[in-house]
1. Looking at 101, 119, can you tell me which residue is within 24 Å of residue 3 (Cα to Cα) and in a helix (DSSP H, G or I)?
2. Considering only region 6-16, how many residues are in a helix (DSSP H, G or I) and surrounded by 13 or more Cβ atoms within 10 Å (Cβ to Cβ)?
3. Of the residues in region 85-98, how many are touching a strand residue (DSSP E or B) at 6+ places or on another chain (Cβ under 8 Å) and loosely packed, with under 15 Cβ neighbours inside 10 Å?
4. Among 79, 3, 19, which is modelled with pLDDT of 90 or more, part of a loop (DSSP other than H, G, I, E, B), in contact with a strand residue (DSSP E or B) (Cβ under 8 Å, 6 or more places away or on another chain) and surrounded by 15 or more Cβ atoms within 10 Å (Cβ to Cβ)?
5. Among the numbered conditions (1) in a strand (DSSP E or B); (2) over 30 Å from residue 142 (Cβ atoms); (3) without any contact (Cβ under 8 Å) to a residue 24 or more places away in the chain, tell me where residue 25 comes up short.
6. Here's a check for you: in region 86-96, which residue that is more than 16 Å from the chain's Cα centre (by Cα) and outside any loop (DSSP other than H, G, I, E, B) is nearest to residue 62 (Cα to Cα)?
7. Looking for whichever is over 15 Å from residue 19 (Cβ atoms) and surrounded by 12 or more Cβ atoms within 10 Å (Cβ to Cβ) here; the options are 125, 117, 102. Which one fits?
8. Looking at this structure, is residue 37 modelled with pLDDT under 90 and in a loop (DSSP other than H, G, I, E, B)?
């Protein structure tokens, strides 16, 4: 199981993820994604709301990286794997789209989905945890709330 329960909770608690792709010439592109979720033990799905460059890049070069963090805890993960674009005419589209439409309430149309089979996982941790090992998640949340005014 690549996507542990802790990683799945982190995905659920993250508002955005950033999907990194490259074109066939190695030119990088990073695009924020609002609608994403774990699917099974080794896959995530991401709605393509307005990212034509991401779709084009994946069709040229399927290796991708996805990063996300819980902005208050300031911990998350980087996931690497192989992506494929799932279009409306693909057999899997309806089932996968239904999962994301629950999140969107039907307010965000998407023409395609990105399905990523995860091959590598790496934790992301804010520098405060490394520089000050006594930092607790509760203290980090309090500091983030103060910094962001929430």
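1. One residue alone meets the criteria, 101.
2. Qualifying residue count, region 6-16: 5.
3. Total satisfying the criteria: 3.
4. The match here is 3.
5. So the condition that residue 25 fails would be (1).
6. Checking each candidate, the answer is 86.
7. 125
8. no
The values are calculated or read from the model by the stated rules, or taken from the named source; none is laboratory data. It should be emphasised that the depicted structure is a prediction, and the values quoted were computed from it without experimental measurement. All Cβ positions, glycine included, derive from the backbone under ideal geometry; neighbour counts span all protein chains shown.
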